[in-house]
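A short worksheet on the structure shown next.
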Amino acid sequence: MLNDAAVVILAAGQGTRMKSRMAKVLHGAGGKPLVRQAIDTALEIAPPERIFVVVGYQADRVRAEVEAAGAGAIHQAEQLGTGHAVLCGEDRLARLGGRLIVFVGDCPLIRAATLEELAETQRRSGAAAAVITTDVDDPTGYGRIVRGAGGDIEEIVEQKAATPAQLAVREINSGIFCFDSGALWKHIREIRPDNAAREYYLTDMVSILIRAGRRVAALKVPDSNELLGINDRMQLAAADRILRERKIRQLMLDGVTIEKPETVTVDTGVKIGMDTVIGPFVQITGDTAIGENCRVGASSIIDRSILGDNVEVFPFSMISGSTLDAGAHVGPFARLRMGAHLGEGAHVGNFVELKKTRLGAGSKSMHLAYLGDSTIGEKVNIGAGTITCNYDGHKKHATTIGNGVFVGSNSTLIAPVELEEGAYIGAGSVINHKVPAKALALGRSRQVNKEGWNRRK
Ligand code: UD1
Ligand code: MG
């Protein structure tokens, strides 16, 4: 944490090069919108009340992300350039004093530690500003760092304004600055839109401060990946890959076994406990949290779900928005969705679907079933082929099944219906009335045998 710094993230642009109807910063990498990724990094160095995001294009949608993260939004009605974007926040930012870290919202790979190093570079050198730079093989599209004879940075020249000699420079501007707040606000109005794009470039602050007799420092980082700016979908895919590689690496360092890690997709917001084993081709997304000593079998997909310790998910299962208590077993080929909840040690087997259904501790539904809008107690056995008919074409209805109920195979439970504790349903039954506790219900026609029928035919 930096105690005297505020952060402003520039995210008002459309991002024309994305060729998208959606604002660039709403596109996701590592399972999060770019703007959210930027805010989460900022939150590692500053408290939310000192983090601001400049919004403009699709402001309402971007603002919703900003506010959900607890940061403040600054409105830039017209996108006149990165310098103008910062200026839009003057009345809220200038009075904070101290230092202002400015960074572009399309740079999701930057690490908090690098931002801290930038702030330290600025402080130690007493410079009015410090900027992060790096050398890249292909600098196309980035602003170039122009250094003087002594090696100090003199100016940043944008691609469109650069001379052929400047275009050959491989040291680029990350778009990430740490300003001494006083110096920034004293001089920011000197930025002029005197360039081909008619934009107010924040990068012009470098030459403006130097002209005013101040120093500008540069922090050159060795890992150019960290500074990858997202302007098109190729770069978006590259950032997504790197964020996920980092995540997988961190999980492994924290004690999670990941088989064939190059095939596994994990969002950056996921948590996984020690000694859990993740099989090949698994996808774990959203804010999923998985406990210790679990197993997630090959090709399973788990989204926005909570798994306790010792849970087993067999291959090819799909779990979304659900909760699995400790020791539950699921799959292979199972589907749990929309608030499904498995109690401790409950088992769900192949080709079973649960929707908005609670299956109590120790209960089992091992094969071929659909259980929707149901509350199922403990130690219940749901036979193969059981279906809850929860939908009458207009409305959904609930099924309630008490503790210790046995539902024979291929039963049809027409909701709303209740099977009281310890009830026993004969196989092949159609049940549309309440079954009292401990009763046997048979909802099927009797078998008829016609002796010798096939001999006569
Ligand atoms: C910018 C830098 C460039 C740097 C590169 C690093 C400037 C002038 N150029 O170029 O030197 O190498 O980032 O990735 O700063 N934005 C606003 N309001 C505006 C314009 C932009 O909020 O009026 C936001 C955008 O939403 C985006 C960020 O600022 O998140 C950067 O804008 P972008 O158009 O991507 O700038 P680059 O051309 O990448
Ligand atoms: Mg950019």
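The values are calculated or read from the model by the stated rules, or taken from the named source; none is laboratory data. Predicted, not measured: the structure shown is a model, and the values here were computed from it. Cβ: placed from backbone, ideal geometry, glycine included. Neighbour counts: every protein chain shown. The protein model used for the area step is the full one, side chains on, heavy atoms only, and it has no ligands, DNA or RNA in it. Shrake-Rupley method; radii C 1.70, N 1.55, O 1.52, S 1.80 Å.
Assuming P193 fulfils every condition listed in (1) within 24 Å of A23 (Cβ to Cβ); (2) within 35 Å of the chain's Cα centre (by Cα); (3) touching a residue at least 12 places away in the same chain (Cβ under 8 Å) apart from one, which condition is it?
(2)
What number of residues in the stretch 26-54 are in contact with a strand residue (DSSP E or B) (Cβ under 6 Å, 6 or more places away or on another chain), under 17 Å from A112 (Cα atoms) and open to solvent by 20 Å² or more (accessible area, probe 1.4 Å)?
Of the residues in that region, 1 qualify.
State whether the residues of the stretch 70-84 include one that is within 29 Å of A196 (Cα to Cα), acidic (D, E) and open to solvent by 10 Å² or more (accessible area, probe 1.4 Å).
yes
Evaluate the stretch 244-252: report whether one residue or more is assigned to a helix (DSSP H, G or I), within 22 Å of K24 (Cα to Cα) and more than 16 Å from ligand 2 (Cβ to nearest atom).
Yes: the stretch 244-252 contains one or more residues that are assigned to a helix (DSSP H, G or I), within 22 Å of K24 (Cα to Cα) and more than 16 Å from ligand 2 (Cβ to nearest atom).
Considering only the stretch 156-168, I want to know if a residue exists there that is at pLDDT 95 or above and of a type in the set (K, R).
no
Being more than 15 Å from the chain's Cα centre (by Cα), within 27 Å of D223 (Cα to Cα) and without any contact (Cβ under 8 Å) to a residue 12 or more places away in the chain: is that true of E245 here?
Against the criterion (more than 15 Å from the chain's Cα centre (by Cα), within 27 Å of D223 (Cα to Cα) and without any contact (Cβ under 8 Å) to a residue 12 or more places away in the chain), E245 does not qualify.
Return the residues of the stretch 208-237 that are more than 19 Å from A112 (Cα to Cα) and within 13 Å of ligand 1 (Cβ to nearest atom); say none if nothing qualifies.
Passing the criteria: N231, D232, Q235, L236.
Which one of A5, A23 is more than 13 Å from ligand 1 (Cβ to nearest atom), open to solvent by less than 20 Å² (accessible area, probe 1.4 Å) and in contact with a Gly (Cβ under 7 Å, 6 or more places away or on another chain)?
Being more than 13 Å from ligand 1 (Cβ to nearest atom), open to solvent by less than 20 Å² (accessible area, probe 1.4 Å) and in contact with a Gly (Cβ under 7 Å, 6 or more places away or on another chain) holds for just one of A5, A23, which is A5.
Out of (1) open to solvent by 70 Å² or more (accessible area, probe 1.4 Å); (2) over 30 Å from G308 (Cα atoms); (3) assigned to a loop (DSSP other than H, G, I, E, B), the odd one out for N454 is which?
So N454 meets the others, but not (3).
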